[in-house]
Amino acid sequence: MKYNSITSAYFLDRPNRFVAHVDLGGSAETVHVKNTGRCRELLLPGAEVFLEQSANPARKTAYDLVAVRRGDGSIVNIDSQAPNKVAAEWLAGQGFDRIVPEFRWGDSRFDFYMERGGERWLLEVKSCTLQIGSWGYFPDAPTERGVKHLRELAKAAREGWHAAVAFVIQMEGVWEVRPNVTTQPAFGEALAEAKSAGVQVLCLPCRVTPSSLQVLPDAPRVEQAQRKR
């Protein structure tokens, strides 16, 4: 996944979850933040950020903030729309006969429905931008929707569907995502329930640059997890 036009700026502040102020070439600019999560450990005053210029000249904000450089020099992509795009690219190489985005099943709309041979799959994609130590953690803020998706995937698995949840890791050097039970114990409980039901949990490491995000070639493949007895 590549962005068309990337510009570097420096983060000033974030008055609300939708917009931020940045220093762009010496002038203050209001930009749209493509992530409604907190990102407090990333969006620090003075941090270098990367903006994609909007193709819509009528928009109130001319730029989207899509990535940030951390103090150690590494880049974190915080675009909440990017994981589904890179997941679609990754799925295209998984040998599926059919891939359908935005598929409704039960009381949820999942990111992807896939078919391979006579098997039917449901896949939900989650983004990971929070790193603590060597691990990635999800969520960075409570998500009732995320808990609901896991419980619905567990239900689907118990009813004979193949089901998986994929954590797209939007930073380099992290290979595993753990449930952030400190922020939301219910998410950890739902993830454990999903694993027990046979839902495959995939952690997808990525190559990250200011202008691109791509799942690494040695990322795990979509396979059926085994239900615990």
Among the residues of region 147-164, write down those that are under 11 Å from Arg120 (Cα atoms), in contact with a helix residue (DSSP H, G or I) (Cβ under 8 Å, 6 or more places away or on another chain) and part of a helix (DSSP H, G or I). Ala157
Qualifying residues in region 80-117 (those that are assigned to a loop (DSSP other than H, G, I, E, B) and in contact with a Lys or Arg (Cβ under 8 Å, 6 or more places away or on another chain)) - the one surrounded by the most Cβ atoms within 10 Å (Cβ to Cβ): Phe96
Taking strands (runs of 3 or more DSSP E) that do not extend beyond region 169-221, which have at least 3 residues that are out of contact with any Cys (no Cβ under 9 Å at 6 or more places or on another chain) and in the same structural domain as Tyr137 (by TED's automatic domain parsing)? 200-204, 206-209
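May I ask you to verify whether Glu172 is closer than 21 Å to Ser80 by Cα, touching a Ser or Thr at 6+ places or on another chain (Cβ under 7 Å) and surrounded by fewer than 21 Cβ atoms within 10 Å (Cβ to Cβ)? It would help to see each step written out before you state the result.
Details: closer than 21 Å to Ser80 by Cα: yes; touching a Ser or Thr at 6+ places or on another chain (Cβ under 7 Å): yes; surrounded by fewer than 21 Cβ atoms within 10 Å (Cβ to Cβ): yes.
Yes, satisfied.
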Can you name the condition, by its number, that Ala20 falls short on among (1) modelled with pLDDT of 95 or more; (2) closer than 25 Å to Gly173 by Cα; (3) buried (at least 17 other Cβ atoms within 10 Å of the Cβ)? (2)
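Conditions tested, residue by residue: (1) in contact (Cβ under 8 Å) with a residue 12 or more places away in the chain; (2) buried (at least 17 other Cβ atoms within 10 Å of the Cβ).
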site	(1), (2)
Ala28	yes, no
Asn35	yes, yes
Glu52	yes, yes
Ala58	no, no
Leu65	yes, yes
Arg70	yes, no
Is it the case that region 83-100 has a residue that's modelled with pLDDT of 95 or more and touching a helix residue (DSSP H, G or I) at 6+ places or on another chain (Cβ under 7 Å)? yes
Selection within region 37-50 - exposed (fewer than 13 other Cβ atoms within 10 Å of the Cβ) and within 18 Å of the chain's Cα centre (by Cα): Arg40
Could you tell me how many of the residues in region 37-89 are among the acidic types (Asp, Glu) and within 19 Å of Cys206 (Cα to Cα)? 3
For Glu119, are the conditions met, namely being under 21 Å from Glu176 (Cα atoms), in contact (Cβ under 8 Å) with a residue 24 or more places away in the chain and among the acidic types (Asp, Glu)? no
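Going through region 80-113 one residue at a time, which ones are closer than 25 Å to His32 by Cα and in contact (Cβ under 8 Å) with a residue 24 or more places away in the chain?
Residues of region 80-113 closer than 25 Å to His32 by Cα: 80-88, 102, 111.
Result: Ser80, Gln81, Ala82, Pro83, Asn84, Lys85, Val86, Ala87, Ala88, Asp111.
The values are calculated or read from the model by the stated rules, or taken from the named source; none is laboratory data. This structure is a prediction, so every number in the text was calculated from the model and none was measured. We place every Cβ from the backbone using ideal geometry, glycine too, and count neighbours over all the protein chains shown.
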